[in-house]
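Read through the structure below, which is laid out as C-alpha cells, and then see the notes.
The values are calculated or read from the model by the stated rules, or taken from the named source; none is laboratory data. Owing to the predicted nature of the structure, the values given are computational and were not obtained by experimental measurement. Here Cβ is always computed from backbone atoms with ideal geometry, including for glycine, and neighbour counts include all displayed protein chains. The accessibility values were calculated without ligands, DNA or RNA, using every heavy atom of the protein model including side chains. Shrake-Rupley method; radii C 1.70, N 1.55, O 1.52, S 1.80 Å.
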Amino acid sequence: MSDAKKKLLLIFRHGPYGNKLSRAGLDVALAAAAFDQDINTLFMDDGVWQLLPDQSAGSIDSKNVHSTLQSLPLYDLESFHVDSHSLAARRLEPAQLDGQLVLLEPAELAEFIDSHDQVLSF
Amino acid sequence: MNFSLLVLSSPYSAQAGDSAWQFARAAVASGHSVYRVFFYHEGVYHGSELGISPQDEQDRVLRWADFSTQNNTELVLCISSAIRRGLLDAGEAQRYDKPASNVHPAFVLSGLGQLIDASAHSDRLLTFGS
C-alpha cells in the first residue's frame, strides 16, 4: 500500500436492493476508510433510496444497506452528498432521509465531482 | 498517464468488460500504461478458466491474460466477490475443501486493498459497468 493519499468520490446510483452494486460500493467505502483515504460519497439517481431509514432488509434475506451507511461516520465519513434533482424526481424530501446531508443542485455537480482525484461509480 | 480500471459486470451480460478491454488496448497504443485491472462484483467472472467461447467470439478470459502478459498489467479478482461466485484458485479450493479450482493463472485473488492501492498508484481509476 502506497502512502499516497487521494481524494476519492464514490457515486451511488442504484437502489439499495434489487441490484447489489449498492453493497459492493459500501464495501469499497469501508475499505477506503480503513486504508485512511480521503472519501466523499454522492448519492444520485436511484441511489438516493439508500438513505431512507427503516429498511426491512431481513425480510428479503438481505443485509441492511442503511445500517452500513450509518456506520460510516465512525470512519470520519460524516456527511452524504445528495443530488437534489434526484430527490425531487422521486418526490423525496431531505427530511425523510437519514444522516448529515449536503444537497447539491445539478449545476453544482460537475464542480463537486471534479474536485476529487478519483471517481468510482456503483 | 498511468491508468487502473475497475470492472463491475460479467463478460457475457454487459458491454462494460469489452469496453474496459478496448480502453486498455487504446491506452497502451497511445503510449499510456495500465497498472492494474480490478475485477469486482460480477466482474470476477472474467477470471474463469473453464468458460468456453463460441468459435465466432473472442475469448474474453484469454485476451485479458494476453494483455496482462504483454503490458505487465496486474489482473486482480476481488477475493470475496470471487469465492462466493465459485471462482477459486487452488489455494482457496483447498482452504474451503472444494473439489476443483477454476481461476485462470493470469489472475490473482486479493482483497479490496488492491483497489485502493490501484487508486493511489494511478493517475486515473476508471469504472466500467455501473
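Points worth noting:
- Count of segment A:69-122 residues, restricted to those that are within 14 Å of chain B (Cβ to nearest Cβ) and within 14 Å of A:Phe12 (Cα to Cα), is 5.
- Segment B:92-122: number of residues that are surrounded by 15 or more Cβ atoms within 10 Å (Cβ to Cβ), among the polar types (S, T, N, Q) and either away from chain A (no Cβ under 14 Å) or over 15 Å from the mean Cα position of the chain (by Cα) (or both): 4
- Scope segment A:78-93; condition over 14 Å from A:Gly47 (Cα atoms) and open to solvent by less than 50 Å² (accessible area, probe 1.4 Å); matching residues: A:Ser79
- Counting the residues of segment B:73-90 that are out of contact with any strand residue (DSSP E or B) (no Cβ under 6 Å at 6 or more places or on another chain) and free of Cβ contacts under 8 Å to residues at least 24 places away in the same chain gives 4.
- Meets criteria (within 19 Å of B:Asp123 (Cβ to Cβ), surrounded by fewer than 17 Cβ atoms within 10 Å (Cβ to Cβ), more than 9 Å from chain B (Cβ to nearest Cβ) and in contact with a Lys or Arg (Cβ under 7 Å, 6 or more places away or on another chain)) for A:Asp38: yes
- Failed condition for A:Ala57, given (1) open to solvent by less than 20 Å² (accessible area, probe 1.4 Å); (2) within 11 Å of chain B (Cβ to nearest Cβ); (3) over 17 Å from A:Leu101 (Cβ atoms); (4) of a type in the set (A, V, I, L, M, F, W, C): (2)
This table checks each residue for (1) under 10 Å from the mean Cα position of the chain (by Cα); (2) farther than 16 Å from B:Ser122 by Cα; (3) in contact (Cβ under 8 Å) with a residue 60 or more places away in the chain.
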position	(1), (2), (3)
B:Ser13	no, yes, no
B:Ser19	no, yes, yes
B:Ser30	no, yes, no
B:Val34	no, no, no
B:Glu49	no, yes, no
B:Asp56	no, yes, no
B:Asp59	no, yes, no
B:Trp64	yes, yes, no
B:Thr69	no, yes, no
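- Filtered residue count, segment B:12-34, keeping only those that are part of a strand (DSSP E or B) and crowded, with 19+ Cβ neighbours inside 10 Å: 1
- Flag if B:Ser68 is open to solvent by less than 30 Å² (accessible area, probe 1.4 Å), over 19 Å from B:Ser4 (Cα atoms), away from chain A (no Cβ under 14 Å) and not hydrophobic (A, V, I, L, M, F, W, C): no
- Single residue of segment A:44-54 satisfying the filter (farther than 17 Å from A:Leu9 by Cα and not hydrophobic (A, V, I, L, M, F, W, C)) that is most open to solvent (accessible area, probe 1.4 Å): A:Asp54
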